[in-house]
1. Pairs needed: first member in segment 44-64, farther than 17 Å from I206 by Cβ; second member anywhere, open to solvent by less than 10 Å² (accessible area, probe 1.4 Å) and outside any helix (DSSP H, G or I); C-beta distance under 7 Å; at least 6 residues apart or different chains.
2. From T171, T218, which residue is hydroxyl-bearing (S, T, Y) and open to solvent by 60 Å² or more (accessible area, probe 1.4 Å)?
3. Looking for whichever is at pLDDT 75 or above, surrounded by fewer than 18 Cβ atoms within 10 Å (Cβ to Cβ), part of a helix (DSSP H, G or I) and under 22 Å from the mean Cα position of the chain (by Cα) here; the options are L111, L121. Which one fits?
4. Here's a check for you: in segment 97-108, which residue that is open to solvent by 50 Å² or more (accessible area, probe 1.4 Å) and either touching a Lys or Arg at 6+ places or on another chain (Cβ under 7 Å) or modelled with pLDDT of 80 or more (or both) is nearest to L28 (Cα to Cα)?
5. Which one of these is open to solvent by less than 80 Å² (accessible area, probe 1.4 Å) and modelled with pLDDT of 80 or more: L255, L227, L193?
6. Any chance you could count how many residues in segment 31-76 are small (G, A, S), part of a helix (DSSP H, G or I) and over 17 Å from L187 (Cβ atoms)?
7. If I ask for residues that are among the hydrophobic types (A, V, I, L, M, F, W, C) and modelled with pLDDT under 80, which ones from segment 145-183 would you list?
Amino acid sequence: MEEPDAARPPSRLVRLLSALFYGTCSFLIVLVNKALLTTYGFPSPIVLGIGQMATTIMILYVSKLNKIIHFPDFDKKIPGKLFPLPLLYVGNHISGLSSTSKLSLPMFTVLRKFTIPLTLLLEAIILGKQYSLNIVLSVLAIMLGAFIAAGSDLAFNLEGYIFVFLNDIFTAANGVYTKQKMDPKELGKYGVLFYNACFMIIPTVIISVSTGDFQKATEFSHWKNVLFIIQFLLSCLLGFLSSRCGTPPFRNGVLMIICQMR
């Protein structure tokens with residue numbers, strides 16, 4: 001069954017609204033995650049990522065049951081169709097949350113801009129897309145600004161830099177491979193999100209339990225703090241929305257608006 005939004009390309013207004021919504025969600029989730037991991041001192045980015053995956057599964061499954069959205073039921077061919085997306089999906093989650101906890105918000109925001117040139121590079125290699133000189137120059141200007149900002153960072157954190165650059169790579173690769181795998185006649189965008197989360201939530205829980213990370217999270221002192229719980233749940237919801245907005249056609253609108261501004 002073909003999804004309705006696959007029938008025609010989105011208009012300029014839809015792409016603009018998509019970019020604004022995606023930007024708002026991205027901004028809010030960074031603030032909320034920073035508060036949880038730094039202000040409250042929540043000890044486990046992995047458990048926070050598990051919460052976001054569980055929220056994605058619940059929202060999409062309930063929506064499917066109520067026939068709000070459609071994606072195919074599970075069959076044995078789906079893992080092969082998705083690979084390597086589940087690995088990129090969980091890598092994107094964990095590296096993003098880990099880098100948020102170790103870097104200042106301004107530096108995290110600056111270094112995340114490297115996702116744009118990486119996305120263009122991977123789309124050229126994997127999807128065979130070509131971009132105009134104006135777009136390439138715009139991206140180079142963004143990279144130059146990021147290098148200048150990173151060079152003046154007085155609070156250099158090597159571990160944080162490694163995590164954020166890994167997050168850039170995972171984000172770009174996840175976006176490009178999602179675009180490649182997201183055939184509306186097969187899994188569609190909702191199927192890709194749902195099965196990515198389903199395949200990786202159990203291995204991530206096992207890793208968290210085996211490393212003692214899960215126990216630290218369950219023993220965290222702020223679970224009785226209503227404000228903390230609200231922000232934790234908000235992070236889980238924003239994690240789903242950011243994943244939803246990071247798939248085409250939403251991501252296409254964001255990328256093209258950013259790159260075509262001149």
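The values are calculated or read from the model by the stated rules, or taken from the named source; none is laboratory data. These numbers come from a predicted model, not from an experiment. Positions of Cβ are backbone-derived with ideal geometry, glycine not excepted, and every protein chain shown enters the neighbour counts. Each accessible area value is taken on the protein alone, full model and side chains, heavy atoms only, with ligands, DNA and RNA left out. Shrake-Rupley method; radii C 1.70, N 1.55, O 1.52, S 1.80 Å.
1. Cβ pairs passing all conditions: K64/F71.
2. Details: T171 fails: open to solvent by 60 Å² or more (accessible area, probe 1.4 Å).
After applying the criteria, what remains is T218.
3. Details: L111 fails: surrounded by fewer than 18 Cβ atoms within 10 Å (Cβ to Cβ).
One residue alone meets the criteria, L121.
4. Step one: list which residues in segment 97-108 are open to solvent by 50 Å² or more (accessible area, probe 1.4 Å), which gives 102, 104-106.
When the remaining residues are screened for being either touching a Lys or Arg at 6+ places or on another chain (Cβ under 7 Å) or modelled with pLDDT of 80 or more (or both), the result is 102, 105.
On the way: K102: 18, L105: 12 Å.
Looking at residues that are open to solvent by 50 Å² or more (accessible area, probe 1.4 Å) and either touching a Lys or Arg at 6+ places or on another chain (Cβ under 7 Å) or modelled with pLDDT of 80 or more (or both), I get L105.
5. On the way: L255 fails: modelled with pLDDT of 80 or more; L227 fails: open to solvent by less than 80 Å² (accessible area, probe 1.4 Å).
One residue alone meets the criteria, L193.
6. Just the residues of segment 31-76 that are small (G, A, S), to begin with: 35, 41, 44, 49, 51, 54, 63.
Among the residues that remain, those that are also part of a helix (DSSP H, G or I) are: 35, 49, 51, 54, 63.
Filter once more, so that each one left must be over 17 Å from L187 (Cβ atoms): 35, 49, 51, 54.
The number of residues fulfilling the criteria is 4.
7. Within segment 145-183, the first condition is being among the hydrophobic types (A, V, I, L, M, F, W, C), and the residues that meet it are 146-150, 154-156, 158, 162-166, 169-170, 172-173, 176, 182.
Matches in segment 145-183: A146, F147, I148, A149, A150, L154, A155, F156, M182.
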